[in-house]
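Engineer: Pasting a structure here, questions to come.
Laboratory data are not the source of any read-out in this text; all were calculated from the coordinates shown. This is a predicted model, so every value here is computed, not measured. Please note: Cβ atoms are built from the backbone with ideal geometry, for glycine as well, and neighbour counts cover all protein chains shown.
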Amino acid sequence: MLSRRLLLSLPAALLLIPALPVRAADPLPVVASFSILGDLVRQVAGPDAEVKTLVGPDGDAHVYQPSPTDAKAVAGAKLIFLNGLGFEGWMGRLLKSSGTKGKAITVTHGVKPRAADHDGHDHGNVDPHAWQDVGNVRIMVANIANALTDADPAHAEGYKARAAAYQAELETLESEIKAQIGALTAVQRRVITSHDAFGYYGKAYGVSFRAPQGMNTDSEASAKDVAKLISQIRKEKIKAVFVENISDPRLTQQLAKEAGAVIGGALYSDALSATGGPAARYLDMMRHNTKTLVTGMMQN
């Protein structure tokens with residue numbers, strides 16, 4: 001039996017024992033399907049989530065083949081962010097084969113899909129490149145923030161604050177793009193690119209894009225389509241011809257050579273550049289693309 005003196009001395013003795021450090025919670029493990037989406041998720045996640053991107057910088061998500069490492073990352077993720085709209089045709093198989101218990105989040109939920117339109121004929125296929133319209137990205141960021149908040153309510157305030165700050169940056173970006181494109185005449189706003197990835201950009205900011213390839217880079221342009229496009233470039237005297245970071249530049253170079261145009265630079269369509277490049281973040285990508293497009297279109 002403890003003596004009264006010993007009992008009275010216990011509280012004071014306990015004060016001398018150093019407090020054990022409280023172990024910080026591990027960051028929420030999440031996966032993003034491709035580099036542009038990975039950047040958007042990181043802007044909202046901050047230090048509260050660890051983001052693994054499957055298709056990295058300069059990678060083509062249209063033709064990507066997931067690896068065992070990707071399956072392992074998906075298996076351990078609490079959230080798997082994907083673009084949707086048919087962009088990641090391989091994602092369904094990856095989710096199933098990984099056995100993940102994580103929740104798949106389609107960030108384009110609420111975005112109005114754009115139907116592909118080639119030469120004025122609607123073929124009914126959906127354009128997945130929604131991020132080329134900053135207004136759509138604002139919807140995507142809100143969906144990302146909601147998903148992170150639901151999965152990790154302990155850090156909800158951080159997610160909400162970072163999302164709000166990023167939304168303000170997106171608003172500024174959109175104003176910049178509209179001002180730069182708005183300085184061009186309607187006749188100047190015509191562009192040739194490698195594949196049809198800029199439809200949302202064109203619709204949002206008033207630019208007419210033409211491409212020898214369709215929505216998906218794993219389909220080849222026909223000789224008839226290429227010849228028709230060359231004729232159009234010559235007839236309309238289009239000088240703004242661009243290659244893309246994910247595409248083989250030879251077809252675009254052929255178009256420019258045969259039509260008497262000049263390659264106006266590289267655009268980032270479906271992937272960011274590597275760190276240190278001109279498009280390492282989404283904001284950088286959109287500013288680089290707009291500056292490059294405007295410089296080219298001024299020659300039209």
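Engineer: Could you state the number of Å between the C-alpha centres of the range 81-114 and the range 22-57?
Structural biologist: 16 Å
Engineer: Just list whichever of Lys112/Lys224; Lys52/Lys178; Lys203/Lys291; Lys178/Lys291; Lys112/Lys237; Lys52/Lys291 have alpha carbons separated by over 23 Å in the model shown.
Structural biologist: Lys112/Lys224; Lys52/Lys178; Lys112/Lys237; Lys52/Lys291
Engineer: Related question: Each residue of the range 282-291 in order: what ³J(HN,Hα) in whole Hz does its phi give by Karplus 6.51 cos²θ - 1.76 cosθ + 1.60, θ = phi - 60°, with x for Gly and Pro?
Structural biologist: Using θ = phi - 60°, the values come out as 4, 4, 5, 4, 5, 5, 4, 4, 5, 4 Hz.
Engineer: Ranking Ser273, Ser35, Ser67 by Cβ neighbours within 10 Å, fewest first, what do you get?
Structural biologist: Ser67, Ser273, Ser35
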